[in-house]
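Read through the structure below, which is laid out as structure tokens, and then see the notes.
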């Protein structure tokens, strides 16, 4: 359980960053789901340390004893449930009214992510610099505007 909580804490920190876009968040969540599924197949470091402490009967200086009142959580069931809950909370292109094929839903989902990538700052065009000669054109416009100004605006009232 500690390994999964550690992964969820890392995911939470990454999702809270201001630079995280929707498409990048989707990628992070899918990565975390794959990691959690991997913990079901292969135990994490904390699980291995706990199993080692159980086999030795000690955790540091503390002697471990059995307690029949404490029910052990089924690790495989916990990881499967956590993975399924994360998967079901992802945004989707599926409609609750219509039945579409899974291939069509996957295609729509990928298309939606491609459309959302436009919002990522990394995909924006570079900042526009002034084209060659722009400064000279602006100076000549200002000079022309100044030459058109009246030297004495009072003549209009005569």
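Observations on the model:
- So residue 82, is it closer than 30 Å to residue 35 by Cβ, touching a helix residue (DSSP H, G or I) at 6+ places or on another chain (Cβ under 7 Å), outside any loop (DSSP other than H, G, I, E, B) and modelled with pLDDT of 75 or more: yes
- Within the range 118-133, the residues that satisfy the criterion of being part of a loop (DSSP other than H, G, I, E, B) and free of Cβ contacts under 8 Å to residues at least 24 places away in the same chain are 124, 125, 126, 127, 128, 129, 130, 131, 132, 133.
- Test: residue in the range 15-26 that is surrounded by 10 or more Cβ atoms within 10 Å (Cβ to Cβ), at pLDDT 85 or above and over 30 Å from residue 109 (Cβ atoms): no
- Residues of the range 13-71 satisfying the condition of being within 30 Å of residue 122 (Cα to Cα), touching a helix residue (DSSP H, G or I) at 6+ places or on another chain (Cβ under 8 Å) and in a helix (DSSP H, G or I): 14, 15, 22, 23, 25, 26, 28, 29, 32, 33, 35, 36
- First in the range 40-67 and more than 17 Å from residue 5 (Cβ to Cβ), second anywhere and modelled with pLDDT of 85 or more and assigned to a helix (DSSP H, G or I), Cβ under 6 Å, 6 or more apart: 59/53
The values are calculated or read from the model by the stated rules, or taken from the named source; none is laboratory data. Please read all numbers here as calculations on a predicted model, not as lab measurements. Glycine also receives a Cβ, built like all others from the backbone with ideal geometry; neighbour counts cover every protein chain displayed.
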